[in-house]
Amino acid sequence: MKKLIIIPAYNEEANIVKTVESIERDAVGFDYIVINDCSTDRTKEICEEHGFHYVDLPINLGIGGAVQTGYKYAWENGYDMAVQVDGDGQHDPEFLELMAEYLEIHQVDMVIGSRFIEKQGFQSSGMRRVGIRFFSGLIRLMTGKTITDPTSGLRMAGRNVIELFSKDYPRDYPEPESVVAILRKGLKVAEVPVIMREREGGVSSISMKKSVYYMVKVTLAILIERIRR
């Protein structure tokens, strides 16, 4: 089984070395590709200096475009599984083999790493947890499926989802919307418990000012996804 780790990175000079080195140490059997989303800091230079595998985007596409680039790379290079691991170091690569085994053994199409099943490790801020519960309820209403951590970026996809996401992927804040899209297609999504870490450096792409926009935009996108399918 060919397995690829997609690392979307925008201005992650403070974290990218630790992230890649932890993958090389703890995710044996996985390839990886850093998607440098036209960073304005030294992310690209650091990748070059350390000999990391990376794709350099000429313009900033945002998280959705960066992740879709990774799925395109995975599809075109024949990978059987692809997993998103954020460049900020919050996702622990020690859980990737467990996720891969679960996906293969249980024959599901996507496995999401959830921090809320066993409630260990970093649980996100109080405001974001409110938003996460809201999206979990909305997804259950739209699809009948309970997803405890719908905003988790730690998600492993099988070959059919790789193909789907390589062709069509939400632009920004894509996790809840894309989960609804594949559930509406009748594909199987499961969750496994993971432990996430708090960001050690850099700045989150979702600021306090963007939180309201995030809630409204994703809610509308999910409702539109429900209608058009």
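The values are calculated or read from the model by the stated rules, or taken from the named source; none is laboratory data. Because the structure is a prediction, the values reported are computed rather than measured. Cβ sites come from the backbone with ideal geometry, for glycine too, and all protein chains shown count toward neighbours.
Here are some residues: L103, L4. Which one is of a type in the set (A, V, I, L, M), within 21 Å of P170 (Cα to Cα) and touching an Asp or Glu at 6+ places or on another chain (Cβ under 9 Å)?
Details: L103 fails: within 21 Å of P170 (Cα to Cα).
Answer to the selection: L4.
Inside segment 152-193, can you point out the residues that are farther than 19 Å from R140 by Cβ, without any contact (Cβ under 8 Å) to a residue 60 or more places away in the chain and among the polar types (S, T, N, Q)?
N160
Which is within 24 Å of K3 (Cβ to Cβ), out of contact with any Pro (no Cβ under 6 Å at 6 or more places or on another chain), modelled with pLDDT under 95 and not hydroxyl-bearing (S, T, Y), of I162, I147, I182? Show your work before the answer.
Values: I162 fails: modelled with pLDDT under 95; I147 fails: modelled with pLDDT under 95.
The conditions single out I182.
Of the conditions (1) in a loop (DSSP other than H, G, I, E, B); (2) in contact with a strand residue (DSSP E or B) (Cβ under 8 Å, 6 or more places away or on another chain), P170 fails just one. Which one is it?
For P170, the exception is condition (2).
For V130, which of the numbered conditions (1) hydrophobic (A, V, I, L, M, F, W, C); (2) under 20 Å from A27 (Cβ atoms); (3) out of contact with any Ser or Thr (no Cβ under 9 Å at 6 or more places or on another chain) fails to hold?
Just one mismatch for V130, condition (2).
Every residue, every condition in (1) touching a strand residue (DSSP E or B) at 6+ places or on another chain (Cβ under 8 Å); (2) not polar (S, T, N, Q), yes or no:
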residue: S39; (1), (2): yes, no
residue: K44; (1), (2): yes, yes
residue: G51; (1), (2): no, yes
residue: D88; (1), (2): no, yes
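Of the residues V67, V108, V85, which single one is among the hydrophobic types (A, V, I, L, M, F, W, C) and either without any contact (Cβ under 8 Å) to a residue 24 or more places away in the chain or closer than 27 Å to L220 by Cβ (or both)?
Details: V108 fails: either without any contact (Cβ under 8 Å) to a residue 24 or more places away in the chain or closer than 27 Å to L220 by Cβ (or both); V85 fails: either without any contact (Cβ under 8 Å) to a residue 24 or more places away in the chain or closer than 27 Å to L220 by Cβ (or both).
Residue meeting the stated conditions: V67.
All but one of (1) without any contact (Cβ under 8 Å) to a residue 40 or more places away in the chain; (2) at negative phi hold for K119; state the number of the condition that does not hold.
Here K119 clears every test but (2).
For L4, are the conditions met, namely being more than 15 Å from the chain's Cα centre (by Cα), surrounded by 14 or more Cβ atoms within 10 Å (Cβ to Cβ) and either hydrophobic (A, V, I, L, M, F, W, C) or closer than 14 Å to Q90 by Cα (or both)?
Numbers: more than 15 Å from the chain's Cα centre (by Cα): no; surrounded by 14 or more Cβ atoms within 10 Å (Cβ to Cβ): yes; either hydrophobic (A, V, I, L, M, F, W, C) or closer than 14 Å to Q90 by Cα (or both): yes.
The answer is no for L4.
Looking for something assigned to a helix (DSSP H, G or I), polar (S, T, N, Q) and modelled with pLDDT under 80 - is there at least one such residue anywhere in segment 210-229? Give the derivation first.
Quick first cut of segment 210-229, residues assigned to a helix (DSSP H, G or I) only: 210-228.
Still in the running and polar (S, T, N, Q): 211, 219.
Imposing the further condition that a residue be modelled with pLDDT under 80 reduces the set to 211.
Within segment 210-229 (the criterion being assigned to a helix (DSSP H, G or I), polar (S, T, N, Q) and modelled with pLDDT under 80), the answer is yes, since at least one residue qualifies.
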